[in-house]
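Encoded as structure tokens, the structure appears first; notes follow it.
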Amino acid sequence: MRDFWEKLKAYIRKSASVTVQIGQTTVSRLTFIGVALGILAAGIFVLVYMVYGNREVALRYERTDIDPGQSYRVNDGMLFYETPQYYVSIDPSKTNRVSLAEVRVTADGYDMSSAATVVFVGSSGQIVGPNGVQNEFVMNDGAEILSARAGRRHAALLYRNQYGDMRISIMNALTETPEVTATVAITGGEVVAFGFLQASNTVEYLWVSTLDVNQFSEESIVRVYNCDSNGAMIFYSASLYNQTIENAILTGNCLYLVGTQDILRYDRTEDGFSSERARVSIYGSRVVDCVEAADGASAYFILMPITQAGEQTHIYRLLTVSQSDEAWATVLQQFMSAPIVAAFLQNNYVNVVTTETFEQYSYAGKQALSLEFEDTPTGAIPYEGAFLLMTDTAVYRTTVE
């Protein structure tokens, strides 16, 4: 092959010194070669475009073994669903199921992450770690477990002790024997929501939202604890009145508290979080998804109108919140011709599933894609670069190809 290229280069150099007379014009033989190669390249480009460039983008459906009536959820990049005997997950790259925990009796509750499974019944339960080993535990003094959360490194158990006081025990989920590493006393109302935040690959936070209702107002407070520092409290919000904090979202730069009235922004610091930096009203809407911009300068939230049971909506809003020192926010509203079933942020697009089509829009609101469904969707959940599409008869892992 090397000899071929050497001979070709020698021929081109020789051809450059030879001329051809065409009428009154003298043209180099090298020019002929250049023109011929250009025509050949153009032909190849046209051929490739005809074969690949005109190929239509379509939805690809891969049926899962989930029945539409089964209870399922997506958490921490994993899909989990229930069967009469097992809590199972679907591997992100496949649709085969993997057994995570077998429960001999009907469980009172459970939660799962990509690293652990927590199942509880009354005052006892089990944690299944990443190695698949089932580790049982029993609460002291027969305390009743009310709820549980699974993180990547820890599990959290909300319970009421023998004196009627609420507590949250933080347990190490990665050890062979479950060990309580910290216990949090709950004051200032009832727990309405709690969960884990991934601060880094080696540090995990627990956030807890409480609500105190009195005859004058509703008061919400959010606390954040460092699970890898003996449960030390690193954040305590000011009292938030007349709204409930339902979720907490941690980006690379900020902590967002999502309430029934507002989204509140707090900046990350070396030892925790700052005081409130910005507040955006979302009254009448609910946050269905959030993602941080690739450059970290802002965060995007999809807002959907709060509707009554059976009521449909054709509108979604994209809220952009600045994460810079200068606080600002913008809202972009889009109207769909068919009722919206679900909306989520994925692959740098706003993805909208309606009863008729799958739509993609840029963050600036420009439509990038519109594909018709083969069957009428009843729901959709983003899942590992694809999405789960629910219909009346089946659940599909759906991709755009």
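Within the range 311-328, residues that are under 26 Å from residue 359 (Cβ atoms) sit with their Cβ atoms under 8 Å from residues that are of a type in the set (D, E, K, R) and in a strand (DSSP E or B), at 6+ positions apart or across chains, in these pairs: 321/265.
Those strands (runs of 3 or more DSSP E) of the range 197-271 in which at least 1 residues are among the basic types (Lys, Arg), considering only elements entirely within it, cover 218-226, 262-269. Against the test of being over 22 Å from residue 209 (Cβ atoms) and not hydroxyl-bearing (Ser, Thr, Tyr), the options 312, 261, 243 yield a single qualifying residue, 312.
The single condition among (1) exposed (fewer than 15 other Cβ atoms within 10 Å of the Cβ); (2) among the hydrophobic types (A, V, I, L, M, F, W, C); (3) within 22 Å of residue 205 (Cβ to Cβ) that residue 315 does not meet is (3). Only residues that are open to solvent by 40 Å² or more (accessible area, probe 1.4 Å), under 20 Å from residue 145 (Cβ atoms) and within 29 Å of the chain's Cα centre (by Cα) were counted in the range 184-228, giving 2.
Condition first: in contact (Cβ under 8 Å) with a residue 12 or more places away in the chain, part of a strand (DSSP E or B) and either surrounded by 18 or more Cβ atoms within 10 Å (Cβ to Cβ) or in contact with a His (Cβ under 7 Å, 6 or more places away or on another chain) (or both). Can you find one or more residues in the range 173-180 that meet it?
no
Taking the range 49-66 as the search range and keeping residues that are among the hydrophobic types (A, V, I, L, M, F, W, C) and modelled with pLDDT of 50 or more, which one is nearest to residue 395 (Cα to Cα)? Looking at the filtered set, the residue picked out is 66. Within the range 321-348, the residues that satisfy the criterion of being surrounded by fewer than 18 Cβ atoms within 10 Å (Cβ to Cβ) and assigned to a strand (DSSP E or B) are 329, 330, 331, 332, 333, 334, 335, 346. Return yes when residue 309 is at pLDDT below 95, closer than 22 Å to residue 237 by Cα, out of contact with any His (no Cβ under 9 Å at 6 or more places or on another chain) and open to solvent by 10 Å² or more (accessible area, probe 1.4 Å) and no when it is not. Against the criterion (at pLDDT below 95, closer than 22 Å to residue 237 by Cα, out of contact with any His (no Cβ under 9 Å at 6 or more places or on another chain) and open to solvent by 10 Å² or more (accessible area, probe 1.4 Å)), residue 309 does not qualify.
The values are calculated or read from the model by the stated rules, or taken from the named source; none is laboratory data. Quantities reported herein were computed from a predicted structural model and do not represent experimental measurements. Positions of Cβ are generated from backbone atoms using ideal geometry, with glycine treated the same way; all protein chains shown enter the neighbour counts. Accessible surface is based on the protein model in full, side chains and every heavy atom, while ligands, DNA and RNA are left aside. Shrake-Rupley method; radii C 1.70, N 1.55, O 1.52, S 1.80 Å.
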